[in-house]
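The values are calculated or read from the model by the stated rules, or taken from the named source; none is laboratory data. All values reported here derive from a predicted model rather than from experimental measurement. Counting neighbours? That spans all protein chains shown, and the Cβs are built from the backbone with ideal geometry, glycine included. What goes into the accessible areas is simple: the full protein's heavy atoms, side chains included, and nothing from ligands, DNA or RNA. Shrake-Rupley method; radii C 1.70, N 1.55, O 1.52, S 1.80 Å.
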Amino acid sequence: MKAAVMRATNAPLEIEDVTIDDPGPGEVLLATAASGICHSDLHVMNGDLPMPPPCILGHEPSGIVEEIGEGVTDFKPGDHVIGCITNWCGVCKFCTGGRPYLCPSQFDGRPDGSKSRICGADGNPILQFANLSSFAEKMLCPERSLVKIRDDMPLDRASLIGCGVTTGLGAALNTVHIPAGASVVVIGCGGVGLSVLQGARIVGAGQIIAVDTQAWKFDLAKDLGATDCVNAKEGDPVAAVQELTGGGADFVFECIGLVPTVQQAVAMTGRGGTAVLVGVVPITEMVPLSAADIVLQEKKVVGSYMGSNRFRFDMPKYIDFYLDGRLRLDEMISSRIKLDEVNDAFDLMRKGEAARQVIIFD
Ligand SMILES: NC(=O)c1ccc[n+]([C@@H]2O[C@H](COP(=O)([O-])OP(=O)(O)OC[C@H]3O[C@@H](n4cnc5c(N)ncnc54)[C@H](O)[C@@H]3O)[C@@H](O)[C@H]2O)c1
Ligand SMILES: [Zn+2]
Ligand SMILES: [Zn+2]
């Protein structure tokens with residue numbers, strides 16, 4: 001099968017023919033239908049999130065089940081599914097405590113010493129990113145990385161729910177609980193930020209302020225629910241938000257992953273408010289924050305991982321939201337591309353010139 005392989009960091013992906021194993025116990029083989037492109041893939045390509053090459057990225061997929069391995073009971077050939085990186089073991093304290101997205105087993109892959117799920121044309125193993133690797137025509141996944149979805153859900157739009165939408169909606173619906181009428185700021189209007197923004201709209205937030213450096217994103221943000229927009233390239237975005245909110249917002253979501261924008265998020269948070277960190281800051285970087293500001297104004301600073309999801313519960317609900325018109329996904333897709341255009345897509349993402357780009361497989 002054809003796949004886009006990361007052979008080195010800071011280099012374009014290479015389109016190669018690779019082999020994929022048959023499904024083992026508990027595994028499901030999928031024909032990939034679509035894969036959204038998330039900034040976390042770019043973080044890995046840049047070395048900001050270390051992952052040893054050779055590796056196949058892509059973690060926002062939809063697909064159709066082709067074959068199931070021994071003991072698989074939740075899926076059958078022909079099922080439409082979404083894949084998610086937060087597969088769960090079901091027995092650890094996080095899984096049994098109701099927070100399966102924190103399960104430490106989620107990047108484990110097959111047991112040590114097993115045959116690799118994916119190999120290059122030379123027969124050498126290729127690392128599977130987060131048990132998914134959706135920049136490939138087929139995927140071999142543990143069944144606990146997958147959720148079955150309604151057949152009437154278009155698979156291109158379903159793929160977005162695999163990461164960006166679940167991360168953004170879940171940050172607003174699960175990680176924190178936004179009361180109706182609250183003021184919300186979203187810094188960064190990519191696939192993740194636009195999903196936070198929609199989550200805020202769905203729960204009935206009052207003011208929803210979108211912050212970005214790309215003016216063209218503001219029409220889209222307004223269409224999806226923003227009440228105000230702040231161009232961070234024109235003046236101080238913190239001062240602009242302070243003025244719009246009369247002293248700071250109830251909730252501020254950082255959806256980029258830069259040191260200055262994390263600092264801005266905390267500064268934009270009003271007294272007693274909550275800054276939610278969603279963007280992934282490169283792991284080598286630290287963010288200096290004023291502890292006095294956090295203590296004296298009783299601000300909360302919380303991390304949000306994969307929308308604090310229980311994805312077999314959340315994703316079918318998000319699909320119902322789409323099909324009943326509450327969640328808008330059509331507008332979030334800025335282009336549909338072929339697998340061999342993936343490097344161009346990352347160029348556009350680097351320049352901030354895309355909303356969500358989706359690879360469509362035949
Ligand atoms: N917490 C999680 O579980 C999780 C899950 C998925 C993605 N992420 C992270 O979320 C972040 C966003 O992902 P994405 O796919 O939406 O990215 P994206 O590249 O599509 O969007 C980023 C947006 O930020 C804007 N931007 C860049 N610099 C800015 C600045 N200084 N001020 C204001 N806006 C600015 C860009 O114009 C763009 O609209 C990434 O760091 C990604 O790794 C986190
Ligand atoms: Zn992602
Ligand atoms: Zn677990």
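Below, the figures for the structure above:
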read-out: Any chance Cys163 is within 16 Å of ligand 1 (Cβ to nearest atom) and either of a type outside the set (A, V, I, L, M) or under 20 Å from Thr32 (Cβ atoms) (or both); value: yes
read-out: Failed item, numbered, when Arg144 is tested on (1) over 28 Å from Glu331 (Cβ atoms); (2) touching a strand residue (DSSP E or B) at 6+ places or on another chain (Cβ under 8 Å); (3) more than 16 Å from ligand 1 (Cβ to nearest atom); value: (2)
read-out: Some residue of segment 293-311 being over 28 Å from Lys222 (Cβ atoms), out of contact with any His (no Cβ under 7 Å at 6 or more places or on another chain) and polar (S, T, N, Q); value: yes
read-out: Residue list for segment 191-204, restricted to those being crowded, with 24+ Cβ neighbours inside 10 Å and out of contact with any helix residue (DSSP H, G or I) (no Cβ under 6 Å at 6 or more places or on another chain); value: Gly193
read-out: Hey, Thr284 open to solvent by less than 20 Å² (accessible area, probe 1.4 Å) and within 30 Å of Phe94 (Cβ to Cβ) or not; value: no
read-out: Segment 77-121, residues that are open to solvent by less than 60 Å² (accessible area, probe 1.4 Å) and outside any loop (DSSP other than H, G, I, E, B); value: His80, Val81, Ile82, Gly83, Phe94, Cys95, Pro100, Tyr101, Ile118, Cys119
read-out: Single match in Ala171, Ala215 (criterion: at pLDDT 95 or above and over 26 Å from Val44 (Cα atoms)); value: Ala215
read-out: Every residue from segment 168-187 that is assigned to a helix (DSSP H, G or I), open to solvent by 10 Å² or more (accessible area, probe 1.4 Å) and not aliphatic (A, V, I, L, M); value: Asn174, Thr175
read-out: Subset of segment 305-319 [open to solvent by 10 Å² or more (accessible area, probe 1.4 Å) and not hydrophobic (A, V, I, L, M, F, W, C)]; value: Tyr305, Ser308, Arg310, Arg312, Pro316, Lys317
read-out: Output for segment 205-237, where each listed residue is crowded, with 18+ Cβ neighbours inside 10 Å and aromatic (Phe, Trp, Tyr); value: Phe218
read-out: Check on Arg150, part of a helix (DSSP H, G or I) and more than 16 Å from ligand 1 (Cβ to nearest atom); value: no
read-out: Any strands (runs of 3 or more DSSP E) falling wholly within segment 1-76 and containing at least 3 residues that are more than 30 Å from Val278 (Cβ to Cβ); value: 14-17, 27-36, 61-68
read-out: Residue pairs meeting the criteria (Cβ under 8 Å; at least 6 apart or on separate chains; first more than 23 Å from Lys138 (Cα to Cα), in segment 94-120; second open to solvent by 50 Å² or more (accessible area, probe 1.4 Å) and more than 10 Å from ligand 3 (Cβ to nearest atom)); value: Gly98/Arg310; Pro100/Arg310; Tyr101/Tyr305; Tyr101/Arg310; Leu102/Tyr305
read-out: Sole exception among (1) in contact with a strand residue (DSSP E or B) (Cβ under 6 Å, 6 or more places away or on another chain); (2) without any contact (Cβ under 8 Å) to a residue 24 or more places away in the chain; (3) over 30 Å from Glu14 (Cβ atoms) for Phe313, by number; value: (1)
